[in-house]
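Written below as C-alpha cells is the structure these notes are about.
The values are calculated or read from the model by the stated rules, or taken from the named source; none is laboratory data. Source: prediction; values computed, not measured. Cβ: placed from backbone, ideal geometry, glycine included. Neighbour counts: every protein chain shown. These accessible areas exclude ligands, DNA and RNA; they are computed on the full protein's heavy atoms, side chains included. Shrake-Rupley method; radii C 1.70, N 1.55, O 1.52, S 1.80 Å.
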Amino acid sequence: MKYDIIVIGAGIVGLGTALKLLEKSPNLRLLILEKEGEIAKHQTGNNSGVIHSGLYYKPGSLKATNCINGYHMLVDFCQKQDIPFELCGKVVVATSEEEIPLLDNLEKRGAENGLQNIKPLNREELKEYEPHVNGVKGIFVPQTGIVDYKLVSQKYAELIQTSGGSIHFDEKVINITTGSDGCHVETSKSGYQSTLVVNCAGLYSDKVAKFTNQKLDVKIIPFRGEYYKLSKEKEYLVKNLIYPVPDPNFPFLGVHFTRMAKGGVEAGPNAVLAFQREGYKKSDINLSELAESLAWPGFQKVAMKYWKTGFGEMYRSFSKAAFTKALQKLLPEITENDLVEGGAGVRAQACDRNGGLIDDFLIIENEHAINVCNAPSPAATSSLSIGDTVSDLVLKRF
C-alpha cells in the first residue's frame, strides 16, 4: 500500500493537519493510522472544551501565533459547519493584592497578542460578571468560548474522508524503517509505504519520533488532570468561565471553573504525574512507562524544582477536602458536598534532558518525518493553524 503521506494519530492535531493537506493538495494519497477504534480518544476527547483566546502565551511564540490564528479559523469552521459553540468570555481573578501585578501583566500580554476589548474589573464589577466569585480585581476576556472538540474532530474526519483521505483504526504503529524509497510503516495489522510520515501521536509522539530520529532528546511525561463537577443544584454559582491568575512558579494553570458545551460545570484540574501514559485513574499503573518517566534526567530535575508544589497537587488528588479548599479560593461558597466525581485527562508534556518542561509547541523535522512532539493546550483551539503550519512544511517536500 503506497501513500504520499501517512499521518500517525487521529486526535484533533492529526486530523487538522490531514484536513489542511487535502485542502491544499487534493490529489495527495493520504492515510491516517490510529491505534484506537475511534478518533479523538485521548487528549482531544478528555479536555475541557475551552476555545482559548491566546491570553497567556509569550508573544511571537508558536503557541501564541497558532492559538490566535487557530481561534479565528476554528470559529469560522464551526460557523460554516453548523457546530454549536459559544463565545461566552471568561474572567481571570486576582484573589489577593499580591496577584494584582501578575494580573496586570496578563492583561498587557493579551493586548500584545492582539486581543481587543479586554476589560479590567474592580471588585464590584467582578461581581456583575460572576456574582459568587472572591476577588480583589479581575479582567474579562470576551474572546474565550466553549465547544465540544469531539464534534469538531468528527467533522474534520468526515471532510477528510469525503476529500479522498483514508483513516484506518485499530492499527498501532510498531516500527518505521526508512530508505531511498521513503518510509515503510509497520503496524499491528499491516504494512504501508509512504514518501513522508507526519507524527501526531500525542502521548506517544516521542516513541514514534524515535523510529526515525534516534537522537531525540525529549521525552513525553504524562500528567493527569482530575476534575470534579458541580452538582446540578450548585451550577448557578458559575455563569461562564472563572480562571485564577497563573502561578509563575508552576508550569500548569491551576484549578478553575468551566461551563461545558455539553452542559454542566467542571471544576479543576489538578496536575499530577500519571503512572502510565494513558493513566486516567489513580490505579492505572504501567511499571515500565513509570520507570521511564522517573529515570529521565529531565524529569528528575523537574521533580527537584517543583517537589513542594507537586506534593500539594498529589495531596489534592487523594483529598477531596484539599481539592475543595483550592476551589474555595475562587468560590468560597463551594463545599465538599457540592462536588461530584468528574473525569480526567492526561496531558502529554514534553520534557528535555535538562529539566525544561517545554512550554511551546515543538515540531521536529528530519528527512523522512515531521514530528509534532509537543502540542499541549491550546492545541485543540489551534488545530487548524497547527495543521496549516505542518502542511506547509510537508508540501515543501513535494
Solvent-accessible area, 1.4 Å probe, carbon plus sulfur percent, for segment 164-246:
48 percent
Arranged from highest to lowest average of other beta-carbon atoms within 10 Å per residue, in what order do the peptides 103-115, 29-41 appear?
29-41, 103-115
May I ask you to evaluate 6.51 cos²θ - 1.76 cosθ + 1.60, the Karplus curve with θ = phi - 60°, for each residue of segment 300-306 and list the ³J(HN,Hα) values in order in whole Hz, giving x for glycine and proline?
4, 5, 4, 4, 5, 6, 10
Relative to the present Cα-Cα distance, how much length would full extension add between Glu97 and Asn122 at 0.36 nm per residue of separation?
7.8 nm
Name the long-range amide H neighbours of His256: under 5 Å, sequence gap of 5 or more, or other chain; modelled H, no Pro or chain starts.
Gly268
With +1 on each Lys and Arg Cβ and -1 on each Asp and Glu Cβ, how big is the dipole of the chain about its Cα centre, in debye rounded to the nearest 20?
400 debye
Keeping all protein chains in place, calculate the accessible area per residue for the chain (probe 1.4 angstrom), answer in Å².
43 Å²
Whole-Hz Karplus couplings 3J(HN,Hα) for segment 146-160, θ = phi - 60° and coefficients 6.51, -1.76, 1.60, Gly and Pro as x, run 9, 7, 9, 5, 5, 5, 4, 4, 4, 5, 3, 4, 4, 5, 4
Accessible area of segment 1-110 with a 1.4 Å probe: how many percent of it is carbon plus sulfur?
49 percent
Amide H contacts of Ile167 (H built 1.01 Å from N, under 5 Å, at least 5 apart or other chain)
Ile32
Could you give each residue of segment 11-16 its phi-based ³J(HN,Hα) in whole Hz, using Karplus coefficients 6.51, -1.76, 1.60 with θ = phi - 60°, and x for Gly or Pro?
x, 5, 6, x, 5, x
Which far-off residues, 5 or more places away or on another chain, put their amide H under 5 Å from the one on Lys137, with H placed in the peptide plane?
Ala94
To the nearest 10 degrees, how steeply does helix 383-395 sit against the main Cα axis of the chain, on a 0 to 90 scale?
30 degrees
May I ask what percent, to the nearest 5, of DSSP beta bridges between residues of the chain are antiparallel?
70 percent
